[in-house]
Each structure stands twice: as C-alpha cells, then as structure tokens.
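Step one of this worksheet: look at the structure below.
The values are calculated or read from the model by the stated rules, or taken from the named source; none is laboratory data. All values derive from a computational prediction rather than experimental measurement. Cβ sites come from the backbone with ideal geometry, for glycine too, and all protein chains shown count toward neighbours.
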Amino acid sequence: MKKMNWKRHLKVSVTVLTLVAGATVALASGGGEGHVAHNAWHDVDTWKVLNFVILALGCFFIARKPVAQFFSSRSKGIEDELTDLEQKKADAKRQLAEYEARFRNLERESEKIVQDYIKQGEDAKKRILEAAEAQAGKLEEMAKRNIEQEFKAAKAALKQEVVDRAMDQAQALIKKSITTQDQNRLVDEYLKKVEA
C-alpha cells in the first residue's frame, strides 16, 4: 500500500513539474518587443519567482514523505543486509575455526584409528590362536583315543591270532602224539566228569 502511494505521489510530482516547466518556458519566451534594460526587475519576474517557489514547495510537500520513506526503507534494507552479512561472516568464522580444529585433530584421530585397528587385529589374532589351540587339543585327544582303540583292536586281533596259531599247533601236536588209548582214556574221563 505504501509503495502505491509513493508511486502515485511521484507521478503527480512529475506531471506538475512538467506543466510548470512548460509554462515557465512559454512565459519566458514571450515579450521582447519592449526595449527595457536587461537587469531590471519586472512584475513578470516576480510572478515567475513566486510560481517557482510555490512549485518547489508543492513538490517538497508532495514528495517529502515518499522520498523519506524510500530512503528510510532503503537504509533499513541495507542495515538488515549488513546484519545478515555480519551473521554469515560470524558463522563462516565459526565454521573455519571448527574445520581448523578438526584438521589439527585429524592426525591424532587417524593415529587413534590406526591404534584401534591394530588392537582389533591383535584381539582377533589372539582369539584365532586360542580357537586353533583348543581345536588342536581336541584333535590330539581324538587321535589318542583312536590310537588307543586301534591299539586295543590290534592287540585283540594279535591275541586271537596267537591263540588260533597256538590252537593249531597244539592240535597238530596232539594229533601227532595222541594215540587211540589216550583218546579213549580222555573220553572216559570226560564222561565221568559229565556224569558227576
């Protein structure tokens, strides 16, 4: 609404100024038929000065508020813009300080990250070695059990083979050395044991 009033006052001022300027030129160009001294003050000159003063005062009163508002709004806009720029400058300085601090701490942070990774690697290595040792212990225990079982099985098989060979040799020896009389006597002894 205020911008519209300012524009309207400006149009009115320009129109009045144009009309007065045109009238002044028309009035100034007339005359010339009389032979009057050039420096003499005439009634026409008084009216010209009076018209100019009235026009100047009219323009002043008409344009005073819009011009004042224009310059005050312009100065307010510049002031707001300067405040905004100062705020942005302060924010930029703060961000610059943060980035500089981060940059200074970057080496320490990178060293810390490297140390963390080394520690994690050592922990993982320790866990893997412990798991491998536990697995090796289990495998060793299982191998011992398997060896024991194989040893027992081999021992039993060897015993059985020794017994079988001893039986075969004893049978062969008995067949060679036993006679029919010995055979009859053994049968009689066996029968007596069974009957008893």
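May I ask you to verify whether Val194 is of a type outside the set (D, E, K, R) and surrounded by 10 or more Cβ atoms within 10 Å (Cβ to Cβ)?
So Val194 fails the test.
Among the residues of region 63-84, is any more than 30 Å from Ser13 (Cα to Cα) and either polar (S, T, N, Q) or surrounded by fewer than 10 Cβ atoms within 10 Å (Cβ to Cβ) (or both)?
yes
Would you mind telling me which numbered condition in (1) more than 24 Å from the chain's Cα centre (by Cα); (2) modelled with pLDDT under 90; (3) surrounded by 10 or more Cβ atoms within 10 Å (Cβ to Cβ) Asp123 fails?
Only one criterion is unmet by Asp123, namely (2).
Hey, any hits in region 54-64 for a residue that's in a helix (DSSP H, G or I), modelled with pLDDT under 90 and touching a His at 6+ places or on another chain (Cβ under 8 Å)?
yes
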